[in-house]
Amino acid sequence: MIIRLANLDDSEAIRTIYNKEVSNSTATLDLVPRTTEAQRAWMIERTGAYPVVVAIDGPVATNGMSAEPDSDKGEVVGFGSLSPYRERPGYSTSVEISVYVRQDQRGKGVGKLIVNKLVDLAGAHGFHTVLARIGGSNVASIKLHTACGFENVGVEREVGRKFGKWIDVTILQRMI
């Protein structure tokens, strides 16, 4: 498995993974699937301190280690991003993490690789803390983040609404 910074060529694969969650889960509280144009704009906005990474089920070298990424080989099986936690300047040392793994790749360690890479990038960019906001009592995501050193710091009760139901959001935090 290769974890690397995403590029615009990854937009459609990311959009496909994300839109399945928009349509079928409370992993995101977005209600409308992203268009190709909106996905590309989202990718362009995320550079520098707020990167997007992808997990590529890619080629393996003869020594058993992941080979260097090749844009023509492998496929995107998950992605994650860092985003500003809040708009006000006083929050500028905090960042929010988001992670999505293609359904057929869950439980294989892909999410853990993405989370760890994003935490490393957050530290390299000088952030002090990383927060995960997990909607809909997503037990697998809570377990993933906990396994990566995040601690549950609270639950926002019924702050969202999707599929005709109120959605709680669990907040997990990892200090860097």
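The values are calculated or read from the model by the stated rules, or taken from the named source; none is laboratory data. What you are looking at is a predicted structure, and each value in this text was computed from that prediction instead of being measured. We place every Cβ from the backbone using ideal geometry, glycine too, and count neighbours over all the protein chains shown. Protein only, heavy atoms only, side chains kept; ligands, DNA and RNA dropped before computing areas. Shrake-Rupley method; radii C 1.70, N 1.55, O 1.52, S 1.80 Å.
Out of Val110, Val155, Val115, one residue alone is open to solvent by 10 Å² or more (accessible area, probe 1.4 Å), modelled with pLDDT of 95 or more and of a type in the set (A, V, I, L, M, F, W, C). It is Val155.
Restricting region 30-45 to residues that are open to solvent by less than 50 Å² (accessible area, probe 1.4 Å) and in contact (Cβ under 8 Å) with a residue 24 or more places away in the chain leaves a set whose member that is nearest to Phe127 (Cα to Cα) is Met43. Could you pull out the residue among Ala67, Ala27, Ala49 that is surrounded by 14 or more Cβ atoms within 10 Å (Cβ to Cβ) and modelled with pLDDT under 90? Only one candidate passes the filter, namely Ala67.
Could you please find all residues in region 1-29 being touching a residue at least 24 places away in the same chain (Cβ under 8 Å) and of a type in the set (Gly, Ala, Ser)? Scanning region 1-29 gives Ala6, Ser11, Ala13, Ser25, Ala27. Residues that are more than 18 Å from Ile114 (Cβ to Cβ), among the polar types (S, T, N, Q) and out of contact with any Cys (no Cβ under 8 Å at 6 or more places or on another chain) do not occur anywhere in region 138-151.
Residues that are farther than 23 Å from Phe150 by Cα and not aliphatic (A, V, I, L, M) within region 68-120 comprise Glu68, Pro69, Asp70, Ser71, Asp72, Lys73, Gly74, Glu75, Arg88, Pro89, Asp104, listed in sequence order. Pairing residues of region 128-151 that are open to solvent by 30 Å² or more (accessible area, probe 1.4 Å) with residues that are at pLDDT 95 or above and in a helix (DSSP H, G or I), at Cβ distances under 6 Å and at least 6 apart in sequence or on separate chains, gives Leu144/Gly111.
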